[in-house]
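The values are calculated or read from the model by the stated rules, or taken from the named source; none is laboratory data. As the structure is a computational prediction, the values presented were derived from the model and not from experiment. With ideal geometry, Cβ positions are generated from the backbone for all residues, glycine too; neighbour counts draw on all protein chains shown. For the accessible areas, the whole protein counts, side chains as well, though only heavy atoms, and no ligand, DNA or RNA atoms are used. Shrake-Rupley method; radii C 1.70, N 1.55, O 1.52, S 1.80 Å.
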Amino acid sequence: MVTLPDISTIVSWIEAHGKTVDLLKWFVLLLVAWLAGAFSFVRSKLRTPSATIEEATSRCLVEEFAEFQGHKNAVRATFLVEVGLLNPTSERVVVRHFSLAVQRRRVWRTWKPELVALSLPSRPRHQTGSGSKVLKNWFSNFDDGLQNLTLLGTVEPKELPSGFLLFVCFSVGGWAPRISGEHIKVKAKVHLTTGEIYSASG
């Protein structure tokens, strides 16, 4: 049988040490406030923008040449990648430009050099039965009256805009893309005007 402590003894001690009890109360309140602030700080740091790659809609065309403009065993790879930027913050962010790193056949410096996005020749489209759906793209604009489908780089709070980008890689030897099955691993990077860089692999 458990013997409970004498409550009257505890009450007497509290009454005899009022200042100590008040100090303990303030200490507990400060500790709780500090922990709440620390958690808020960590939560705000975790809520930063992040890049995304839509693998289901992204495509790559690989062309191999025994010889091309004097180069032996040349490879030209064209990447049409759908990249998004999630902005969970309460502030607007602005995209400066995009880049794409392609996994190469080399043993070292596998991801260099990086590719810079090019202007699309036309808006990307997706075949849907007998028709086609025009998709969004970043920066490239066209005189087709569909300016709302061009993402200009401004990402409002709590938004996730996603659009297509075009990258072209011409390489030889170990600099050629590494093909695994029917896939090439890439890293898309989103460069903001404030200097931050966010990346996503796919």
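Could you tell me whether V93 is touching a residue at least 24 places away in the same chain (Cβ under 8 Å), farther than 17 Å from I184 by Cα and not hydroxyl-bearing (S, T, Y)? Yes; evaluated as a whole, the condition is true for this residue.
Filtering the range 52-67 to residues that are touching a residue at least 12 places away in the same chain (Cβ under 8 Å) and not acidic (D, E) leaves T52, I53, T57, S58, R59, C60, L61, V62. Selection of first residues in the range 23-50 that are within 24 Å of N87 (Cβ to Cβ) and of second residues that are modelled with pLDDT of 75 or more and β-branched (V, I, T), restricted to Cβ pairs under 8 Å at least 6 apart or on distinct chains, gives the following pairs, ordered by first then second residue: R47/T89; T48/T89; P49/T89; P49/V93; P49/V155; P49/V190. Note on the range 142-170: among residues that are farther than 28 Å from P88 by Cβ and of a type outside the set (D, E, K, R), the one that is surrounded by the most Cβ atoms within 10 Å (Cβ to Cβ) is C169. Here S130 does not qualify as touching a residue at least 40 places away in the same chain (Cβ under 8 Å) and open to solvent by 50 Å² or more (accessible area, probe 1.4 Å).
Where strands (runs of 3 or more DSSP E) fall entirely within the range 57-166, those with at least 2 residues that are of a type in the set (A, V, I, L, M, F, W, C) are at 59-68, 71-86, 93-102.
When the range 167-202 is filtered for residues that are outside any loop (DSSP other than H, G, I, E, B) and under 15 Å from the mean Cα position of the chain (by Cα), the ones remaining, listed by number, are V186, K187, A188, K189, V190, H191, L192, I197, Y198, S199, A200, S201.
Only one entry in E91, E67 is among the acidic types (D, E), modelled with pLDDT under 90 and open to solvent by 100 Å² or more (accessible area, probe 1.4 Å), namely E67.
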